[in-house]
Amino acid sequence: MTQDNWVTIAFIVLAMGLVVSAFAVVALPRILHAALSMVLFFLNIAGIYVLLQAEFIAAVQVIIYVGAVTVLFLFAIMLTHRSYAPDSNPPNTQWAFAGVVALAVLGVLLYALSTATWAVGGQPPADVTPQIGRLMLNEFFLPFEIAAVLLLGAMIGAIVIARES
């Protein structure tokens, strides 16, 4: 098999994983299981980024979304006492309206994809990871550190509030 065939097979597997895990996020009755399905969704997205040769974005996807955001969601879910109930993720009563909106969005996407012009070939994208690193160290170091300290303070505050109750 050629390289393109493997990439196509990997994309199909990752796309099916995306669809199944996204459906599981909204369909599973327990909120904890839905959050864990969201982890699988984020990992599949990172796999798509790897296929697109955007390894830095894939790493950021795993670190930020799978690591930080999902842990924050799981932390909040586990702090609520209803998270163990079998009906902790109640079904949506407006599923028909959501289905109509989803079909409309699908129609717009299909129209946009069918009328778009696609550039084929050309040079592969340049590796921007060193450029991002230089920007983070030179221009955005202070805002990045301020955001990190702010998030750490928010997490410590959430732990203190949770332990008091």
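Conditions (1) farther than 25 Å from Val128 by Cα; (2) out of contact with any Ser or Thr (no Cβ under 6 Å at 6 or more places or on another chain); (3) at pLDDT below 85; (4) of a type in the set (Gly, Ala, Ser), marked per residue:
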site	(1), (2), (3), (4)
Leu18	yes, yes, no, no
Leu51	no, yes, no, no
Val60	no, yes, no, no
Pro90	yes, yes, yes, no
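Within the range 140-165, the set of residues being surrounded by 10 or more Cβ atoms within 10 Å (Cβ to Cβ) and outside any helix (DSSP H, G or I) comprises Phe140 only. Leu28 falls short on exactly one of the conditions (1) hydrophobic (A, V, I, L, M, F, W, C); (2) touching a residue at least 40 places away in the same chain (Cβ under 8 Å); (3) over 30 Å from Arg163 (Cβ atoms), and that condition is (3).
Per the conditions (1) crowded, with 16+ Cβ neighbours inside 10 Å; (2) at pLDDT below 90, the sole criterion not satisfied by Phe42 is (2).
Which residues, counting only those in the range 29-59, are among the polar types (S, T, N, Q) and under 15 Å from the mean Cα position of the chain (by Cα)?
Of the residues in the range 29-59, the ones among the polar types (S, T, N, Q) are 37, 44, 53.
Answer for the range 29-59, where residues must be among the polar types (S, T, N, Q) and under 15 Å from the mean Cα position of the chain (by Cα): Ser37, Asn44.
State whether the residues of the range 102-116 include one that is over 24 Å from Ala46 (Cα atoms), in a loop (DSSP other than H, G, I, E, B) and modelled with pLDDT of 85 or more. The answer is yes, given that some residue of the range 102-116 is over 24 Å from Ala46 (Cα atoms), in a loop (DSSP other than H, G, I, E, B) and modelled with pLDDT of 85 or more. All conditions but one from (1) at pLDDT 75 or above; (2) assigned by TED's automatic domain parsing to the domain that holds Val26 apply to Ser83; the one that does not is (1).
The values are calculated or read from the model by the stated rules, or taken from the named source; none is laboratory data. Treat the numbers as computed from the prediction; the structure is a model and nothing was measured. Here the Cβ is made from the backbone with ideal geometry for all residues, glycine too, and neighbour counts use every protein chain on show.
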